[in-house]
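Structure first, then comments.
The values are calculated or read from the model by the stated rules, or taken from the named source; none is laboratory data. Not measured: the values here are computed from a predicted model. Virtual Cβ from ideal backbone geometry, glycine too; neighbours counted across all protein chains shown. Heavy atoms of the whole protein, side chains included, go into the accessibility calculation; ligands, DNA and RNA do not. Shrake-Rupley method; radii C 1.70, N 1.55, O 1.52, S 1.80 Å.
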Amino acid sequence: MWKKIFGTVKKETSTDLYDQIDQKRLPAHIAIIMDGNGRWAQNKGLMRTFGHKAGVDTLKKILKAAIKLNVKVLTVYAFSTENWKRPHKEVDFLMALFAEYLEREINEMDEDNVKIQFLGRLDELPTTLYGQIENAQTRTKSNTGVQFNVAVNYGSRDEITRSVKIIAQKVLDQKLPVTEITEEIIDDNLYTGGQVPVDLVIRTSGDLRMSNFLLWQAAYAEFWFTKVNWPDFTPDCFFQAVLDFQNRDRRFGGLSEK
Ligand code: FPP
């Protein structure tokens with residue numbers, strides 16, 4: 001039977017929605033495609049950059065909501081390997097915004113016991129941002145709360161290719177027989193190596209695609225789409241997505257347990 005594609009958020013307070021969530025059946029890994037910053041700004045007659053700035057405020061609120069829920073991993077898509085095609089000015093603005101975000105938020109994230117990790121070709125980023133990323137990762141690496149992954153200069157096919165190259169080199173060096181290559185080894189050599197697979201993918205702003213994001217990790221993920229643009233996405237939307245996830249029948253290729 002055809003079900004509605006876009007999630008809607010019930011008009012209840014955050015506390016109501018949060019209280020309805022079954023803590024025993026939380027998605028362990030939630031991944032978000034934060035789309036629609038540009039459209040949000042343009043709808044208001046503003047420059048696209050205003051949308052990105054507003055998007056940072058939303059990200060802060062959603063990270064807090066993930067901490068409150070105690071999800072294991074939250075991964076957000078901040079900049080793809082394809083986003084370099086945008087006008088120089090917008091790219092420069094985004095790089096500066098990521099740096100500013102880290103500088104401003106790192107103390108609070110550390111206090112909140114968040115472990116931050118960046119996924120992607122980080123050595124191609126501006127040097128100052130790269131340095132800040134390394135500091136933030138080192139500083140929070142022993143934290144035991146939410147694992148917060150920020151995908152920057154990230155592409156899933158690129159990540160899988162990189163994993164294959166690492167494994168091929170081990171085969172060439174005669175450290176790994178071809179017959180011993182397993183899904184687990186491919187998984188371990190992704191940026192997310194050692195982390196749990198994605199349970200729930202949320203995409204804002206109405207588009208229904210994956211955009212080269214966590215293709216391997218999200219093989220059995222549930223999807224939650226909303227027409228809401230990222231700057232308008234609220235903790236209520238986030239809790240509603242989790243509630244809807246808890247009503248899905250996940251079979252992983254097997255038969256329903258219901
Ligand atoms: C999508 O909007 C968003 C991005 C390209 C990523 C930028 C994300 C943020 C600034 C949020 C905060 C992130 C961090 C890490 C601080 P879009 O420009 O694609 O919107 P459009 O589809 O309406 O053009």
Any aspartates and glutamates whose Cα falls less than 13 Å from that of LYS72, other than same-chain ones fewer than 8 residues away, would be ASP199
Relative contact order (percent, whole number), the stretch 1-160, Cα cutoff 8 Å, 6+ residue spacing
25 percent
In debye to the nearest 20, how big a dipole does the stretch 86-129 give about its Cα centre with +1 on each Lys and Arg Cβ and -1 on each Asp and Glu Cβ?
280 debye
Please compute the length gained on full extension between ARG139 and ILE166, using 0.36 nm multiplied by the number of residues separating them and subtracting their Cα-Cα distance.
7.0 nm
222 nm [θ] for the chain, helices only, -39500 (n - 2.57) per DSSP H run of 4+, per residue, to 500?
-13500 deg cm²/dmol
Counting other Cβ atoms within 10 Å, which GluC sites (Glu not before Pro) in the stretch 1-97 have at most 15 and lie in a DSSP loop?
GLU12, GLU82
Farthest toward positive dipole pole in the stretch 131-245 [+1 Lys/Arg, -1 Asp/Glu at C-beta], among GLY131, THR192, VAL152:
GLY131
Put +1 on the Cβ of every Lys and Arg and -1 on every Asp and Glu Cβ in the chain; which of LEU59, ILE116, ALA241 then has its Cα farthest towards the positive end of the dipole?
ALA241
At a 1.4 Å probe radius, which order do PHE98, PHE223, PHE213, PHE252 fall into by accessible area, largest first?
PHE252, PHE223, PHE98, PHE213
Hey, can you find the accessible area per residue of the stretch 177-258 for me, probe 1.4 Å, expressed in square angstrom?
50 Å²
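So between LYS60 and TYR220, what do we pick up on full extension, going 0.36 nm a residue minus the alpha carbon distance?
So the extension gain works out to 54.9 nm.
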Per-pair calculated FRET efficiency, R0 = 22 Å: ASP123 and ILE181 via Cβ, rounded to 0.05:
0.25
Ordering of 110-123, 179-192 by packing [mean C-beta count within 10 Å, highest first]
110-123, 179-192
By the scheme Lys and Arg +1, Asp and Glu -1, what is the net charge of all other residues having a beta-carbon under 12 Å from that of ALA54?
+4
Potential lengthening between ILE5 and VAL91 on full extension [0.36 nm per residue; Cα-Cα distance subtracted]:
27.8 nm
Consider just the alpha-carbon atoms of the stretch 171-258 and return their Rg together with their Dmax, both in angstrom.
17.3, 53
Explain nothing, just the number: dipole magnitude of the chain about its Cα centre with +1 on each Lys and Arg Cβ and -1 on each Asp and Glu Cβ, in debye rounded to the nearest 20.
700 debye
Going down the table (LYS85/LYS165; LYS53/LYS115; LYS4/LYS24; LYS64/LYS89; LYS4/LYS68; LYS61/LYS115), which pairs top 20 Å between alpha carbons?
LYS85/LYS165; LYS53/LYS115; LYS4/LYS24; LYS64/LYS89; LYS4/LYS68
I'd like to know how the stretch 148-202 sits against the 2.2 N^0.38 Å rule of thumb: what's its Cα Rg over that expected value?
1.27
Average accessible area per residue (Å²) across the stretch 21-131 - probe 1.4 Å, nucleic acids and ligands excluded
50 Å²
Which one of SER205, LEU172, PRO231 is farthest out on the positive end of the charge dipole of the stretch 160-248, using unit charges on Cβ (Lys, Arg +1; Asp, Glu -1) and the Cα centre as origin?
LEU172
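Let me check I've understood the local charge: for ASN212, count other residues with C-beta under 11 angstrom from its C-beta, Lys and Arg +1, Asp and Glu -1. What total comes out?
-1
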Once the Cβ-Cβ distance between ASP188 and LYS24 is put in as r, and R0 is 25 Å, what FRET efficiency do you end up with, to the nearest 0.05?
0.35
Report, in cubic angstrom per residue, the convex hull volume of the C-alpha atoms of the stretch 103-258.
168 Å³
